[in-house]
Amino acid sequence: MSDDQTYRLERMTWEEAETAFKAADYVALPCGSTEQHSLHLPMSVDTLRSSHLTDELAERAHAHGLELLVLPPLPYGYSEHHLSFSGTITIDADTYQDIVVDIGRSVKEHGADRFLITNFHAGNIEPHKLAIDRLQRDHDLPTRYVNWTDFAREELEERFGDNWGHAGEHETSVIEHYRPELVRQEKKRPQTMHGTSDSERFRYFDDLTDEGGLGDPTASDPAFVADVVEETTERILKDLSDDE
Ligand SMILES: [Zn+2]
């Protein structure tokens, strides 16, 4: 990853931003959360992923004839289901939807052609869908949506099975790849999960797992995930450039 991050809005003056909004094919909003990620990972896992993996997209975009302008990552999300673990901060789903619409409305005001939401937290998906509907209908802002793991799912499932998600093999590997100093290696252990019924739609996470995570973080593999990141970045950019 390069250090200059010239595609990041927070580094720009307003004159530079004025040019960047006009030049960008997509203005991207990385979306994370501040929520518990078991005993071995920090609250910031989804926000760190949103930041590093959206940077990967911005840095590789030129090879696909695309220019991305990246907004500061949104560090809070809808995390009601994690609130019973200490440290989790949640935004009410309606408020969260409004926040995303307000950000998109601002982006539109500066002349952006298209908005791109890159998402790294499953709880955000439903409010995002409703926000995108409003942005397109009420604010005439074409919006694309990348729920990052959807583009990596096949490879992750093949390697890690079914429960690699929250604080499991995948997220542990991503943080070990980008920010290894934040992983409490001595706290990694297979997570104690409880079964659920298919017809249950909402459960608090302390019903699902004792430690707070899913899967087996001791089976993490940062080198494998580094390859997945490379391939997934290409796959997403190809999708974004398809209807250029
Ligand atoms: Zn997560």
If we scan region 103-115, do we find a residue that is of a type outside the set (Phe, Trp, Tyr), surrounded by fewer than 20 Cβ atoms within 10 Å (Cβ to Cβ) and within 16 Å of the ligand (Cβ to nearest atom)?
-> no
Filtered residue count, region 124-150, keeping only those that are in contact with a Lys or Arg (Cβ under 8 Å, 6 or more places away or on another chain) and open to solvent by 80 Å² or more (accessible area, probe 1.4 Å) = 1
Just one of Gln185, Gln191 is more than 16 Å from the ligand (Cβ to nearest atom) and not small (Gly, Ala, Ser); which is it?
-> Gln185
Counting only residues in region 29-52 that are more than 12 Å from the ligand (Cβ to nearest atom) and not polar (S, T, N, Q), the one surrounded by the most Cβ atoms within 10 Å (Cβ to Cβ) is identified as Pro30
Complete set of residues in region 7-18 that are surrounded by 12 or more Cβ atoms within 10 Å (Cβ to Cβ) and either without any contact (Cβ under 8 Å) to a residue 40 or more places away in the chain or in a loop (DSSP other than H, G, I, E, B) (or both) | Tyr7, Arg11, Met12, Glu16
State whether one or more residues within region 60-69 are on the phi > 0 side of the Ramachandran plot and open to solvent by 20 Å² or more (accessible area, probe 1.4 Å).
-> yes
Answer yes or no as to whether Val174 is among the aliphatic types (A, V, I, L, M) and assigned to a helix (DSSP H, G or I).
-> yes
Quick check, is Arg60 away from the ligand (no atom under 16 Å from the Cβ), in contact (Cβ under 8 Å) with a residue 60 or more places away in the chain, basic (Lys, Arg) and in contact with a Ser or Thr (Cβ under 8 Å, 6 or more places away or on another chain)?
-> yes
Of all residues in region 222-244, count the ones that are open to solvent by 70 Å² or more (accessible area, probe 1.4 Å) and touching a strand residue (DSSP E or B) at 6+ places or on another chain (Cβ under 9 Å).
-> 0
What about Arg153, is it at pLDDT below 95 and open to solvent by 20 Å² or more (accessible area, probe 1.4 Å)?
-> no
Taking region 179-221, which residues are open to solvent by less than 90 Å² (accessible area, probe 1.4 Å), touching a residue at least 40 places away in the same chain (Cβ under 8 Å) and among the hydrophobic types (A, V, I, L, M, F, W, C)?
-> Leu182, Val183, Phe205, Leu214, Ala219
Residue among Asp133, Asp113, Asp150, Asp140 that alone is in a helix (DSSP H, G or I), over 16 Å from the mean Cα position of the chain (by Cα) and not β-branched (Val, Ile, Thr) = Asp133
Which of the following residues is of a type outside the set (Ser, Thr, Tyr), within 16 Å of the ligand (Cβ to nearest atom) and out of contact with any helix residue (DSSP H, G or I) (no Cβ under 9 Å at 6 or more places or on another chain): Arg201, Arg153, Arg137, Arg179?
-> Arg153
Tally of residues being assigned to a helix (DSSP H, G or I) and closer than 17 Å to Leu182 by Cα across region 207-218 = 2
Any idea which of Arg105, Arg134 is more than 20 Å from Lys22 (Cβ to Cβ) and basic (Lys, Arg)?
-> Arg134
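The values are calculated or read from the model by the stated rules, or taken from the named source; none is laboratory data. Given the structure is predicted, the values throughout are model-derived calculations rather than measurements. When we count neighbours, we look across all protein chains shown, and the Cβ atoms used for this are built from the backbone with ideal geometry, even at glycine. Keep in mind that these areas ignore ligands, DNA and RNA; they rest on the heavy atoms of the full protein, side chains included. Shrake-Rupley method; radii C 1.70, N 1.55, O 1.52, S 1.80 Å.
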